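First up is the structure itself, then whatever we jot down about it.
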Amino acid sequence: MSIPSSQLDTWSNPGANDSAMKTYNRVRNVLTAEGSVPQNKGKDFEVYLQGSYKNSTNIYADSDVDLVVQLNSTWRRNLSRLSAIQTSKYKENYPSASYGLDDFHDDVVSTLRSYYGWSAVTVEDRALVLDSDSLPLTADIVVCLQYRRYNQFNSKYDQDYDEGIIFQDRSTDEEIISYPKIHYENGAAMNQSVYGRYRETIRIFKNARSYLVSRGAISAELAPSYCIECLLYNVPSSKYKNDYQERYVEIVNWLVETRLSEFDCQNEIQNLFGSDSTQWSTSDAVSFVAQLVALWNNWYDY
């Protein structure tokens, strides 16, 4: 028996957003207020949402809010796409910086602990965890540098680059690069191209994942939310039918028949599948899709 249309309709609805916005605004205000350490040092940085709350793909099961604190006055760059002449011009214009990621990370931690208390801020491998009674939600905060993948550089006033972020796994020293702003822009364009059906479809599949986890059919780690979002980004627009049941079947059948290993992330820069710690395993994706098939075919057995 197939998944009822009423269930898919329920799964398509967004979770509450007010708590996430309140948490984001309060943390941003603390970090950007006069007296914060980065502000006192005159550093150019920004604080913004990323993840499901930013991309409007949050479901009721989502709790922690993901924030980015990005230093812009210092950045890391990839010049591999530039010619030798353009590379030389870049280096002439931009000398090495003296204030780096470690300095910025320490200043952000210091500011948050000064305001919320030492025990409220936990430094984990890839993010800060801010858990305070004064905040509606726990905040996972990525402290990072701006990252620029250059496409062209003729001068400071004639340059082109893809903007991302770079941060460090403190346990392994691995440098992690992502493109949250491009991810958001591409997702918004995709959503518009399919008449607002993209984001609600992500919520349907994230809720289906949560349902499968709750029934013990898959592990919680098999299909991360980011990977589900990128998976669906690769699905042709023609599969996003108006009817929920038809849409679910069309998308899942297409995923069964296609070659997943060639998929890109939603940023269209990085590969979704591979052996890096930030990439998804093809076998895990195949297992997830197989469970989506089983869920449709055996709804009342779950």
- Message: Distance between the C-alpha centers of region 18-83 and region 188-244? Whole Å please.
- Response: 25
- Given (i) 154; (ii) 122; (iii) 139 as possible values of volume of the Cα convex hull per residue in Å³, the one from the coordinates is (i)
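Once neighbouring chains are kept in place and the probe is 1.4 Å, which whole percent of the accessible area of the chain is contributed by carbon and sulfur? Can you show the working numbers first?
On the way: 6120 of 14570 Å².
Answer for the chain: carbon and sulfur cover 42 percent of the accessible area.
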- Could you provide, to the nearest whole Å², the per residue accessible area of region 202-302 with probe 1.4 Å? 46
- By how many nm would the segment from Y99 to Y300 lengthen if fully extended, with 0.36 nm per residue of separation less the alpha-carbon distance? 66.5 nm
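Going through the cross-link list K206/K241; K41/K89; K22/K54; K54/K239, which pairs have a Cα-Cα distance over 21 Å in this structure? Walk me through the numbers on the way to the answer.
Details: K206/K241 18 Å; K41/K89 29 Å; K22/K54 13 Å; K54/K239 25 Å.
Beyond 21 Å between Cα atoms: K41/K89; K54/K239.
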- Message: Looking at the chain only, what percent of DSSP beta bridges run antiparallel? Nearest 5 please.
- Response: 70
- Enumerate the helices in the chain for which the Kyte-Doolittle hydropathy averages 0.0 or more and the C-alpha atoms extend at least 15 Å along the helix's axis, using complete DSSP H runs. 282-297
- Output ordering of 259-271, 224-236 (per-residue mean of other Cβ within 10 Å, highest first) is 224-236, 259-271
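How many percent of DSSP beta bridges within region 50-152 run antiparallel, rounded to 5?
Details: 7 of 18 bridges.
Percent antiparallel among DSSP bridges in region 50-152 is about 40.
The values are calculated or read from the model by the stated rules, or taken from the named source; none is laboratory data. What you are looking at is a predicted structure, and each value in this text was computed from that prediction instead of being measured. Reconstructed Cβ throughout: ideal geometry from the backbone, glycine too, with neighbour counts over all protein chains shown. What goes into the accessible areas is simple: the full protein's heavy atoms, side chains included, and nothing from ligands, DNA or RNA. Shrake-Rupley method; radii C 1.70, N 1.55, O 1.52, S 1.80 Å.
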